[in-house]
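A quick write-up on the structure given underneath.
The values are calculated or read from the model by the stated rules, or taken from the named source; none is laboratory data. Here the structure is a predicted model, which is why all the values come from computation and not from measurement. Positions of Cβ are generated from backbone atoms using ideal geometry, with glycine treated the same way; all protein chains shown enter the neighbour counts. To get the accessible areas, we keep the full protein, side chains included, count just its heavy atoms, and leave off ligands, DNA and RNA. Shrake-Rupley method; radii C 1.70, N 1.55, O 1.52, S 1.80 Å.
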Amino acid sequence: MSPVRGIEVDDLELRAELVATTLAMCAARLNTGSSGNASVRTAGGMLITPSGLAPDACTPEDMVVVDADGRADARLAPSSEWRLHHDLYAHRPEAGAIIHAHAPFATALACQRLEIPPFHYMIARFGGNTVRCAKYATFGTQALSDHIAAAIADRSACLMANHGMLVFGRNLANALALAIEFETLCEQYWRVRQLGKPVLLSDSEMREVVERFRWYGKPAEQLPE
């Protein structure tokens, strides 16, 4: 396969890692069948899962190269949600990999169009004191991409109304870990709501946690003195 203009020759190792990530998403019950998708940033665009193909039927060669202008070069079409991946990479330079999933608890909350409030301090892991829910739009449309951009502004995760969840990380391993962590929080919030109205952390309490998460997981030399 010849490379798309502006994209370096494919890295087979990165393709294999993307396939492994989609298999891990299914193993973690974030997705079933061909639902959801994942991508990773490349030198000139992205590598994304193909449309309508279940992870266990995919090979590294099936992963689709899409350049910065949104042009695909592969025997298979890119995921129907390629546009939201493309737009998010364009506007969020810190995003190295993106995961979109129809995870059970995240999707249940999204179908109620709920914003997740600060019921637990780990909400700050995703950049703020809430995780927003993006407005509904038909899958694969520019409108959906625009709604997600608004919902995920200054965050690294959001719900998608009547659809699922979106999470990004610095690389595929980080994005997968965050997606699993986010689904766990969604389950916890779902369960707390069965008990009644949750007790929420205050704005000042969450500000302190958000600040602490600025260095959480960073190398020792990057920690504050």
Degrees between helix 203-212 axis and first principal axis of the chain (Cα, 0 to 90, nearest 10)
50 degrees
Checking a compactness column here: for the chain, what do you get for Rg(Cα) / (2.2 N^0.38 Å), N being the number of residues?
1.02
Could you give me D for the stretch 97-225, from Stokes-Einstein at 25 °C and 0.890 mPa s, where the hydrodynamic radius is the Kirkwood radius over C-alpha pairs? Units µm² s⁻¹, please.
163 µm²/s
Which three extents, in whole angstrom, do the alpha-carbon atoms of the stretch 92-140 cover along their principal axes, largest first?
31, 30, 18
How would 155, 125 rank on accessible area, largest to smallest, probe 1.4 Å?
125, 155
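Determine the per residue accessible area of the stretch 82-190 with all protein chains present and a 1.4 angstrom probe, expressed in square angstrom. Could you put the intermediate results ahead of the total?
On the way: 4070 Å² over 109 residues.
Roughly 37 Å² per residue, with all protein chains present.
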In sequence order, calculated HN-Hα J values of the stretch 165-179 (Karplus, 6.51, -1.76, 1.60; Hz; x Gly/Pro):
9, 9, 9, 10, x, 6, 7, 5, 4, 5, 5, 5, 4, 5, 5
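Would you work out what percent of the accessible area of the chain, with all protein chains in place, is carbon or sulfur (probe 1.4 Å)? Let's see the in-between values first.
Numbers: 5970 of 11250 Å².
Carbon and sulfur together cover 53 percent of it.
Decide, for the stretch 47-140, between rounded, prolate and oblate: order the square roots of the alpha carbon gyration tensor eigenvalues as a ≥ b ≥ c, take rounded if a/c falls under 1.5, and otherwise choose prolate if a/b is larger than b/c, else oblate.
Since a/c reaches 1.5 and a/b is larger than b/c, the shape of the stretch 47-140 is classed as prolate.
Given N residues in the stretch 1-109, what is Rg(Cα) / (2.2 N^0.38 Å)? Don't skip to the end; give the middle numbers.
On the way: Rg = 13.2 Å, N = 109, 2.2 N^0.38 = 13.1 Å.
Here the answer is 1.01, to two decimals.
Say R0 is 30 Å: what FRET efficiency, to the nearest 0.05, do residue 170 and residue 199 get from their beta-carbon distance? Walk me through the numbers before you get to the answer.
Values: r = 33 Å, r/R0 = 1.09.
My answer for the efficiency is 0.40.
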Relative contact order (percent, whole number), the chain, Cα cutoff 8 Å, 6+ residue spacing:
19 percent
Simple Cβ-charge dipole of the stretch 44-174, Lys/Arg +1 and Asp/Glu -1, about Cα centre, in debye nearest 20:
420 debye
Return one number: the angle in degrees, 0 to 90 and rounded to the nearest 10, between the long axis of the Cα atoms of helix 12-27 and the longest principal axis of the Cα atoms of the chain.
40 degrees
Among 14, 86, 198, whose Cα sits farthest toward the positive end of the charge dipole of the chain (+1 at Cβ of Lys/Arg, -1 at Cβ of Asp/Glu, about the Cα centre)?
198
